[in-house]
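Engineer: Structure below; questions to follow.
The values are calculated or read from the model by the stated rules, or taken from the named source; none is laboratory data. The model shown is predicted, which means the values in this text are computed figures rather than measured ones. Backbone-built Cβ (ideal geometry, glycine too); neighbour counts: all protein chains shown. Accessible surface areas use protein heavy atoms only, side chains included; no ligands, DNA or RNA. Shrake-Rupley method; radii C 1.70, N 1.55, O 1.52, S 1.80 Å.
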Amino acid sequence: MHATLPPVSFDPDHGIAVLRTPNSLYALRLAADGSPRHLSWGPPVDTSTLAEVPDAVSPAASSFESDAAADELAPQTGARFGPAGLQVRFADGTRGAQWRFAGHRVDGGELRLLLDDRHRPLRAALCYRVRSDTDVIERWTELTHTGPADGPPDPVTVDRLDSASWTAPPLPDYRLSHLVGGWNSEFRLQRDRLPVAETVLTSRRGLTGHHASPWLALDDGTAAEDRGEVWSTALAWSGSWRVTVHRDPGGRTTWTGGFGHEGLQWTLRPGETLRTPVYAGLYTAHGFGAASRAWHQYVRAHVLPEPERDRPVLYNSWEATGFEVDEAGQIRLARLASRVGAELFVLDDGWFGTRRDDRSGLGDWTPRPEAFPRGLRPLVDEVHGLGMEFGLWVEPEMVNRDSALYRAHPEWVLHSPRLDATELRNQLVLNFARPEVEAWAAETLDRLVRENDVDWLKWDANRAFTEAGWDGHPDPDRLWIDHTRAVHRVMDGLRAAHPGLRIEACAGGGGRVDLGVLARTDQAWTSDNTDPVDRIGIQHGFGQLFPAQAMAAWVTDSPNTATGRRTPLRFRFHVAMAGALGLGGDLTSWSEEELAATAELVAVYKEIRPLVQRGLQYRVAEGPVTAVHYAAPDDSEHALLTWRPTTRFGHPAAPVRLPALDPGARYRDLDSDRVHSGAALVRHGIDPRLPAGDHAGSLIRLRRVGS
Ligand code: DGJ
C-alpha cells in the first residue's frame, strides 16, 4: 500500500468512497437516489479518474430496464429487477426501502455508509473493512429499526438481509468456480461458464453444507493457476445461506449473499439491530493459485485462532473401534498411537450415556458406565502420562429421543408441533437459539472439559435441520440465525474459559466448514472419506479457500472403510501429509513393520509440518499426476508432495516444475543430496521419484543452499 494513501477515503463532493488494499482498489459512488452503487474492484487505479466513470446504462435504455450501476446492496424499490439483497416489509404491507444518504464514518480501515429510509424509521449501515496485510475486503450490513424502543410496536419484517452485493467488471465472458459435493465427497471444485441467468448457491440445512460452500470465484474464462484476474468471495457463516449470482443479458455480473435461505422472515422491533455475518471479497491479478494463497494468508492472520501453534499429529479411534469403545481398548490404542508419534489421542463417539450405537444416548454427556466404569479419568491420565493431549468427541447440538435429556426436555428440539419430525441418524436437533439450551450446552461442556482435563474437543453435528419450528415463539425463524450464533458463542466461551483448549469443527466430515466456524476452531475434519485417491480431489477443493493447517487428514486402514480400496501405507501418508496429519486406523491390526514405517513417516511429517502448516502453497501439477509445493515464506525450505493414483500407459510422470523457487538460488535435495540450480527447477522441474505402479506418492525436500 502506498504509504501516503489512506486505506479508506470518502470524497463528499463526488460521493465517492475508495478502499485500498496492498494490491487492489475498491470504489463505490452514491447515486442521485442516495444509494451506494458499485464503481470499481480490481487493480489500483488513479482515483482522480473515478469521478469520470459513467454510470452503467442499460443497453436497452428502455422503460423496462434498470438504468444505473449495480447496488452495493440492492433494496427492493425503483427500477431494480435483479436479486435484492435487502427485502423488508412494513406493517401496512409496503415492501422495500428507499434510501436517503445519512452520512459516513471512517475509522482507520473501516468505512460505514449510513442509509436512512426516506419514509420509515429504518437505517442500514453498509460496513467495509480493509487491512494493510491482506487484499481481502470484509463487508457486512447492520439494519436498525430506529423507532423508539418504548414507542408503538411497529415491527419491520425482514425477508432478506444480505451481508453484501458484489460486482465484477464488464468482461467478455464469465466463469464460475465453486465447491459441490456430498457426505464422503465434499469440496469438489466445479468450474463452469456462468450462464446468462440467476445461479443460486445455497444451503437450506442449518449447516454450511457438504453439498455446497459459500465460496466462489469468478474469472473471464482464461485465468489459470498462475495467471489471470480472479474475483473471489467467502461468507463467514455456519448455518443456512444463499448467494445469488446474476449475469444479465446486458453483460453485467453481480452476486449478493448472506445468511438464511429463501422463505425465512425475521422481525425487527423498534430499537433492534440485525447484524449480518462478514462476506469477504478478494481480487487478484495473478490467477487461482495466488487467490488461494491470499485467502490462506488472510485466514491464518485474521480468522484462525492461534495460527502460529502447529496442529498436533492426532490419533482418532473412530475408524478403529466405532461405537465399541471401552477403557482397556482405548488405552491399548493410545499406547500404540504414542509409540508411532501421535501427540493427541481423541476418543470419538460411543463413550457416553447409553450410547452403544447411533440409536441412543446423544444428549447425556456422562461416561457410559459399562465402557468406563471408573469414568474417563484413568484413560485421560494414561494418555497424559504417555505425553499426549487428550481429545473428546461431542455432538452438543443433537439428541436421541432415547436419552435422559430428551425425556426431561422434549420441548428443546427444533420442531413444528403439527408436523411429524423427521429423524436423521435417529436424532433430532436441539434448538440452541433457546437461551436455556445454550446455557445447558455451555455448562455441560465446560464441566466436561474441566473435570476431565480435556485438551481438545471434536465438535460434530450429524444431521441437517428439518421441520425447524419454535413453538410459541413470536419470531420463530430467528432460530436459523440464533442457533448458529449460539454455537459460535459456546465455542468462544469454552476457549475463553479454557485457554489452550482446541476445537475441531466437524459435521459428518466437512459439513460445516466456513470462515465463521474457523474463527473459533483450530481445524476442520475434512471428510469421513479417508481414501487417499478420493482425498486428492477433496483436498484440492478445500485448499481453494482454506489453508492446509485447517485441513485434518488421517491415514487409515487399507482396505479403506468407506471405499474398500487397498492402497499402500506410504501413499496414504503422502496424501495426508498435505494437511494437519492424523492417524485413524486400527493400529492393533497393523504389523510391526507397518508400525515402524508409520513412526518413521510421522517423524518426517513433523519435520515438514512448519512448511505445510505455515508455508505458502503452490499447486504445481494437476491431472494424472498431482503435486503441491509448500514453501517457507523466506525460501529457506521446501517440500513437494506428488501423487499418482493410477498409472496410464503412455503418460510417464513428467518432471514437476517449481515456479515459486528463486532462479538465482541453489537448492539441496535432502534425500538425494544433489544440489539443483533454482533456474533448472523453475524451468525444467524435478523428477518426483514416484514409485512404479498405481497409488504412488512421494515427498521431496529441498533446502536453499545459497545463490
Ligand atoms: C461423523 C464424523 O465425521 C466421524 O469422524 C465420527 O466422529 C462420527 N461422526 C461419529 O459418530
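Engineer: Can you tell me how the stretch 558-637 classifies by the Cα gyration tensor, rounded, prolate or oblate, using a/c under 1.5 as the rounded cut?
Structural biologist: Verdict is oblate for the stretch 558-637.
Engineer: Once the mean 1/r over all distinct Cα pairs of the stretch 512-646 is inverted, what Kirkwood radius in angstroms do you read off?
Structural biologist: Mean inverse Cα-Cα distance, inverted, gives 15.3 Å.
Engineer: Okay, next question. Which value, in Å³ per residue, describes the convex hull spanned by the Cα atoms of the stretch 620-706?
Structural biologist: Here the figure is 82 Å³ per residue.
Engineer: Another question, if that's okay. Quick one: what does P(r) look like for the stretch 314-614 with 10 Å bins over all Cα pairs, in whole %?
Structural biologist: Here the calculated profile for the stretch 314-614 is 6, 27, 35, 23, 7, 1, 0.
Engineer: Moving to a separate point now. Just to be sure I understand the curve: with the Debye formula and one point per C-alpha of the stretch 431-492, what is log10 I(q)/I(0) at q = 0.12, 0.23, 0.27 Å⁻¹?
Structural biologist: -0.35, -1.02, -1.23
Engineer: Can you give the Rg/Rh ratio of the stretch 151-235, where Rg is from the C-alpha atoms and Rh is the Kirkwood radius?
Structural biologist: Radius of gyration over Kirkwood radius for the stretch 151-235 works out to 1.09.
Engineer: Taking 8 Å as the Cα distance limit and 6 or more residues as the minimum spacing, I'd like the relative contact order of the stretch 517-556 as a percentage.
Structural biologist: Normalised by residue count, the contact order of the stretch 517-556 is 54 percent.
Engineer: Continuing with the same structure: Indicate the gyration tensor shape class of the chain (rounded, prolate or oblate), computed on the Cα atoms with a ≥ b ≥ c the square roots of the eigenvalues: a/c under 1.5 is rounded; otherwise a/b larger than b/c is prolate and the rest oblate. Mind showing how you got there, number by number?
Structural biologist: Numbers: a/c = 2.11, a/b = 1.21, b/c = 1.75.
It is oblate, given that a/c is not under 1.5 and a/b is not larger than b/c.
Engineer: If you roll a 1.4 Å probe over the heavy atoms of the protein chains, what accessible area per residue do you get for the chain, in Å²?
Structural biologist: Working: 26210 Å² over 707 residues.
Solvent-accessible surface per residue comes out at 37 Å².
Engineer: Tell me the mean residue ellipticity at 222 nm calculated for the chain from its helices only (DSSP H runs of n ≥ 4, each -39500 (n - 2.57), averaged over every residue, nearest 500).
Structural biologist: Calculated from helices alone, the mean residue ellipticity at 222 nm is -5500 deg cm²/dmol.
Engineer: While we're looking at this one, here's another question. Name the residue farthest towards the positive end of the dipole of the chain from the options T626, P214, S203, assuming +1 on Cβ of Lys and Arg, -1 on Cβ of Asp and Glu, about the Cα centre.
Structural biologist: Of the candidates, T626 comes out farthest on the positive side.
Engineer: A follow-up question, please. Report D for the stretch 1-144 in µm² per second (integer): Stokes-Einstein, Kirkwood Rh on Cα pairs, 37 °C, 0.692 mPa s.
Structural biologist: The calculation lands on 204 µm²/s.
Engineer: Over all directions, average the projected area of the Cα convex hull of the stretch 241-302 and note it in nm².
Structural biologist: Numbers: hull surface 29.0 nm².
Averaging across all directions leaves 7.3 nm² for the Cα convex hull.
Engineer: Given the C-alpha atoms of the stretch 8-302, compute the convex hull and give its volume per residue in Å³. All intermediate terms of the calculation are to be shown ahead of the outcome.
Structural biologist: On the way: hull volume 40.5 nm³, N = 295.
Spelled out: Cα convex hull of the stretch 8-302, divided by residues, is 137 Å³.
Engineer: Give the span of the stretch 403-442's Cα atoms along each principal axis, as three whole-Å numbers ordered largest to smallest.
Structural biologist: Each principal axis gives a Cα extent; for the stretch 403-442 these are 28, 20, 17 Å.
Engineer: Can you list, bin by bin at 5 Å, the percent of alpha carbon pairs in the stretch 380-481, starting at 0?
Structural biologist: Taking all Cα pairs of the stretch 380-481, the binned fractions are 2, 12, 19, 21, 17, 11, 7, 6, 3, 2, 0 percent.
Engineer: Let me ask you something else. Beyond 25 Å, what share of the Cα-Cα pairs of the stretch 95-212 remains, rounded to the nearest whole percent?
Structural biologist: 49 percent
Engineer: How high is the relative contact order of the stretch 154-235, in percent, counting Cα pairs under 8 Å that sit 6 or more residues apart?
Structural biologist: Dividing the mean separation by the residue count of the stretch 154-235 yields 28 percent.
Engineer: Computing the accessible area with a 1.4 Å probe over protein heavy atoms, can you report the carbon and sulfur percentage for the chain?
Structural biologist: 50 percent
Engineer: May I ask you to derive the relative contact order of the chain, considering only C-alpha pairs under 8 Å and at least 6 residues apart, and to give it as an integer percent? Write out the running numbers ahead of the final one.
Structural biologist: Details: 1732 pairs, mean separation 69.2, N = 707.
The normalised contact order for the chain reaches 10 percent.
Engineer: What span do the alpha-carbon atoms of the stretch 79-122 cover on each of the three principal axes, reported in whole Å from largest to smallest?
Structural biologist: 40, 25, 16 Å, listed from the longest principal axis down.
Engineer: For the stretch 199-310, what size does the Cα cloud have along each of its three principal axes, sorted from largest down, in whole Å?
Structural biologist: On the principal axes, the stretch 199-310 reaches 49, 49, 29 Å in Cα extent.
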